[in-house]
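Step one of this worksheet: look at the structure below.
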Amino acid sequence: MKQEKVNKRNYGIDLLRIIAMFFVLILHIVGKGGILLGVKDNETKFAITCFIQIGVYCAVNCYALISGFVYFSEEDKPLKISNYISLWLQVVFYNVMITLIFWKFWTRLIGIKQLVKSFFPVASNQYWYFSAYTGVFFMIPWLNKIVRSSKKEKLKTVMICMLGFSCYVTIANLFTFEGDPFGLNAGYSFLWLAILYLMGAYIKKYEIFNKLNKKKTVLIGIFLLIVTWIWKIEIGELTMYFFGKKIMTDLLISYTSPTILGIAIIMLLIFAKLEIKPFWYKLIRFVTVSSFGVYLIHVQPLVFDNIIGEKFSYIANLPAYLILPAIIGLTIIIFTIGIFIDKVRILVFRFLKFSKLSEQIEKKIRTFAYKLENREKITD
């Protein structure tokens, strides 16, 4: 009965996936869009914008934690390569189509080299998250096996050590030690996503979300948010007073920051326990299946640099009380457009039967692997 409950679709997690992507979009509008840079000389606006930035910075960590939470299973299931192939086709589709559109209307921005690169998004690392996730995806059977086969106390120790990675890197940066001893690359790496996958799987396996007090958990999250915000806006001024320049203001604003990681974990715990009324199921499913498409569209390098890049700096000129509503309104518009574009992509994929294509490719891969394995046995 307990296993049945664990395997039941968790719409709270689906909702978190949507919110996380919404947060990613806000983060890019504030940063890449030029708003944060535009308000740097206005103390009030800067404080407000920094609070918004910090509030949504947990988004990528949330996504990686969700992967572990969703894909972990007590059963030793075979890896569905067709799922990755479908995802890869989606990435290539957007990357190539957007590149072709720019090639048609903004020829000066596109060369043959860039057009060729658009067909190889992983190798060219045009979407860093997807490139890093590729490594995680093919490690899922082994990552799940680690969580399944480890005793709770040992696994708990491993989780604490992983949290230690976050704290160690942050403390090292505080004392201006150079280097990245664990290769975390500020969270932009396969290793960091793998660590978060294990954390998400651990939370699911032991149903940590059912063992915490919801109010206390929320308060801890708010505390971590405020600590990070105060560090950002106050430490800079303090170091300016003592050293004549601002240093370490962004120490806690990183995917590997213990406060940002803590906020992401708390978000997962809250939404995993969230009870969603059946009335919302259809809408959540409708948006969830296309939320990754929003990412692929707006983070595509040409879109990111030429359409998002510093195009929203005008929001910095608005009165302080209008900055948040303006950012949310703009995010809703872009998010909605992205969702409906992806719905068109889904129809195209259905028409071209890409789902069956993915399954056929997986079948051929498994057949080849089987023949190769048997040939090695005969050779031995």
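Highest average first, the peptides 320-326, 273-279, 187-193, 9-15 ordered by how many other beta carbon atoms sit within 10 Å of their residues are 187-193, 9-15, 320-326, 273-279. Assign one of three labels to segment 115-200, namely rounded, prolate or oblate, based on the Cα gyration tensor with a ≥ b ≥ c the square roots of its eigenvalues; rounded applies when a/c is under 1.5, prolate when it is not and a/b is larger than b/c, and oblate otherwise. The shape class here is oblate.
Comparing Phe351, Phe102, Phe304 in a Gaussian network model of the chain where C-alpha atoms under 10 Å apart are linked, the largest mean-square fluctuation is found at Phe351.
Converting phi to 3J(HN,Hα) with the Karplus coefficients 6.51, -1.76 and 1.60 and the offset θ = phi - 60°, segment 363-371 yields 4, 5, 5, 5, 5, 5, 5, 5, 5 Hz in sequence order, with x at every glycine or proline. Normalised by the number of residues in the chain, the mean separation of alpha-carbon contacts (under 8 Å, six or more apart) gives a relative contact order of 33 percent. Using 25 Å as the Cα-Cα cut-off, could you pick out the over-long pairs in Lys154/Lys204; Lys77/Lys363; Lys40/Lys117; Lys215/Lys282; Lys77/Lys154; Lys8/Lys145? Beyond 25 Å: Lys40/Lys117; Lys215/Lys282. In loop segments of segment 187-232 as defined by DSSP, the trypsin sites (Lys or Arg not before Pro) with at most 14 further C-beta atoms inside 10 Å of their C-beta are Lys211. Which net charge results when you count Lys and Arg as +1 and Asp and Glu as -1 among the other residues whose beta-carbon is under 13 Å from that of Tyr57? With Lys, Arg at +1 and Asp, Glu at -1, the net is 0. Here Leu252, Leu196 are placed in order of increasing Cβ neighbour count within 10 Å, fewest first, which gives Leu252, Leu196. Per-residue 3J(HN,Hα) values for segment 109-116, derived from phi via the Karplus relation 6.51 cos²θ - 1.76 cosθ + 1.60 with θ = phi - 60°, read 8, 10, x, 4, 4, 5, 5, 5 Hz in sequence order (x marks Gly and Pro).
From the Cα gyration tensor of segment 56-194, with a ≥ b ≥ c the square roots of its eigenvalues, which class applies: rounded if a/c is under 1.5, or else prolate if a/b is larger than b/c, or else oblate? Cα axes put segment 56-194 in the oblate bin. A simple rule links phi to the HN-Hα coupling: the Karplus curve 6.51 cos²θ - 1.76 cosθ + 1.60 with θ = phi - 60°, which for segment 72-86 gives 6, 8, 6, 8, 7, 8, x, 5, 8, 4, 4, 4, 5, 4, 4 Hz, with x for Gly and Pro.
Sorted on the mean count of surrounding Cβ atoms within 10 Å across their residues, most packed first, peptides 332-340, 293-301 read 293-301, 332-340. This model, with +1 at the C-beta of Lys and Arg and -1 at the C-beta of Asp and Glu, gives segment 1-101 a dipole about its Cα centre of some 140 debye. The helix-based estimate of mean residue ellipticity at 222 nm for the chain, built from -39,500 (n - 2.57) per DSSP H run of four or more residues and divided by its residue count, is -23000 deg cm²/dmol to the nearest 500. Calculated FRET efficiency, Ala369 to Ile146, Cβ-Cβ distance, R0 = 25 Å: about 0.65 to the nearest 0.05.
Let me make sure I get this right: for segment 274-341, a, b and c are the square roots of the gyration tensor eigenvalues over alpha carbons, sorted descending. Under 1.5 in a/c it's rounded, otherwise prolate if a/b > b/c, else oblate. Which is it? In terms of gyration-tensor shape, oblate.
Read-outs: derived from the displayed coordinates by stated rules, not from any lab. In this text, all values refer to a predicted model and were calculated from it rather than measured experimentally. Positions of Cβ are generated from backbone atoms using ideal geometry, with glycine treated the same way; all protein chains shown enter the neighbour counts.
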